[in-house]
1. For region 76-95, indicate whether the set of residues that are at negative phi and within 16 Å of the ligand (Cβ to nearest atom) is non-empty.
2. Can you say whether Val192 is crowded, with 18+ Cβ neighbours inside 10 Å and either on the phi > 0 side of the Ramachandran plot or part of a strand (DSSP E or B) (or both), as far as the supplied structure shows?
3. Condition first: touching a strand residue (DSSP E or B) at 6+ places or on another chain (Cβ under 8 Å) and either surrounded by 15 or more Cβ atoms within 10 Å (Cβ to Cβ) or under 19 Å from Thr130 (Cα atoms) (or both). Now tell me which residues in region 80-93 satisfy that.
4. Just to be sure before I move on: is Ser158 over 25 Å from Gln256 (Cα atoms), of a type outside the set (A, V, I, L, M, F, W, C) and crowded, with 22+ Cβ neighbours inside 10 Å in the structure I sent?
5. Need pairs with beta-carbon distance below 6 Å; first residue at negative phi and within region 151-164, second surrounded by fewer than 17 Cβ atoms within 10 Å (Cβ to Cβ); sequence gap 6+ or separate chains.
6. Return a yes/no flag: does region 88-102 have any residue that is free of Cβ contacts under 8 Å to residues at least 60 places away in the same chain and in a strand (DSSP E or B).
7. Within region 31-40, is even one residue under 22 Å from Leu228 (Cβ atoms) and in contact with a Phe, Trp or Tyr (Cβ under 9 Å, 6 or more places away or on another chain)?
8. Residue by residue through region 34-70, note down the ones that are crowded, with 20+ Cβ neighbours inside 10 Å, part of a loop (DSSP other than H, G, I, E, B) and at pLDDT 95 or above.
Amino acid sequence: MAGQAKNIRPLVAGNWKMNGVKASAAEVEAVKRALSEAKPAIPADVMIAPPAPLISAFSTVAAGSDIAIAGQDCHPKVSGAHTGDVSAEMLKDAGAEAVIVGHSERRSDHGESSAVVNAKASAAHRAGLTAIVCIGETRGERDAGLTIKVAGRQLKDSLPQSSTAANTVVAYEPVWAIGTGLVPSTADVAEVHAAIRADLINRFGDEGAAMRILYGGSVKPDNARELLAIANVNGALVGGASLKASDFLAIVRAYQRG
Ligand code: PEP
């Protein structure tokens, strides 16, 4: 696939948002089973980000498989008087290997600025987690022709200097495409991802050239193949369609050879 740049192993990550209970581990079991039975093996990394209370249980289920478990947010600090928050170190201790930071729902529901997102990504790096850093424009910004400017600004301000290809993944998620069934055109996705790649190379050199850039926003089984084949699209961040193993696997299978 064109989107599968040489040397960049794609990542398909599922963001469960505020969904799921302990019994939902059956979906992780189903993904695990399907991945282990896939022949040839699907050349993509797979990740599931459940709500924090499920990280430990899901990590136990995913152990010994190719599924990594991730958090959906973390506090910048290690510990302290921050009621309701969870630190990157706590996520790591519970079995997570990564954490999503700066998702548009965090930016809008909790007023998170890119400076806060930057501190959270730094915390992820400090704890030994991969930071999945989300950026993306609103509908109004796109209509005003500001997409590249907004994405570029968020990228610059949200990524800490400690970012490398191993510890950071960028997720481009147009806010207006999340959970709406709307998807930008192939050309629009290609344009934004190319601009992100150029910015990453400019700032991080070879590390920026190798950093994964995911597309997120209404990725479904029926559009995954087309979206994931776009140049500089190194995988997907999937919301709604990641909750059911069958839909999630159908997206992961976009990378299946043949
Ligand atoms: C998301 O939550 O990151 C997302 C992309 O959601 P959806 O796939 O449901 O649009």
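1. To start, the set of residues in region 76-95 that are at negative phi comprises 76-79, 81-83, 85-94.
Within this subset, residues satisfying the condition of being within 16 Å of the ligand (Cβ to nearest atom) are none.
No, because not a single residue in region 76-95 is at negative phi and within 16 Å of the ligand (Cβ to nearest atom).
2. Details: crowded, with 18+ Cβ neighbours inside 10 Å: yes; either on the phi > 0 side of the Ramachandran plot or part of a strand (DSSP E or B) (or both): no.
So Val192 does not fit the description; no.
3. Within region 80-93, the first condition is being touching a strand residue (DSSP E or B) at 6+ places or on another chain (Cβ under 8 Å), and the residues that meet it are 82, 85-88, 91.
Listed by number, the residues that qualify are Asp85, Val86, Ser87, Ala88, Leu91.
4. Working: over 25 Å from Gln256 (Cα atoms): yes; of a type outside the set (A, V, I, L, M, F, W, C): yes; crowded, with 22+ Cβ neighbours inside 10 Å: yes.
It is true that Ser158 is over 25 Å from Gln256 (Cα atoms), of a type outside the set (A, V, I, L, M, F, W, C) and crowded, with 22+ Cβ neighbours inside 10 Å.
5. Taking only residues 6 or more apart or on different chains, the pairs are Thr164/Glu207.
6. The initial filter retains those residues of region 88-102 that are free of Cβ contacts under 8 Å to residues at least 60 places away in the same chain, namely 88-97, 99, 101-102.
Among the residues that remain, those that are also in a strand (DSSP E or B) are: 99, 101.
Yes: region 88-102 contains one or more residues that are free of Cβ contacts under 8 Å to residues at least 60 places away in the same chain and in a strand (DSSP E or B).
7. Yes - at least one qualifying residue is present in region 31-40.
8. Ala44, Pro50
The values are calculated or read from the model by the stated rules, or taken from the named source; none is laboratory data. Treat the numbers as computed from the prediction; the structure is a model and nothing was measured. Because the Cβ atoms are built from the backbone with ideal geometry, glycine has one as well, and the counts that use them run over all protein chains shown.
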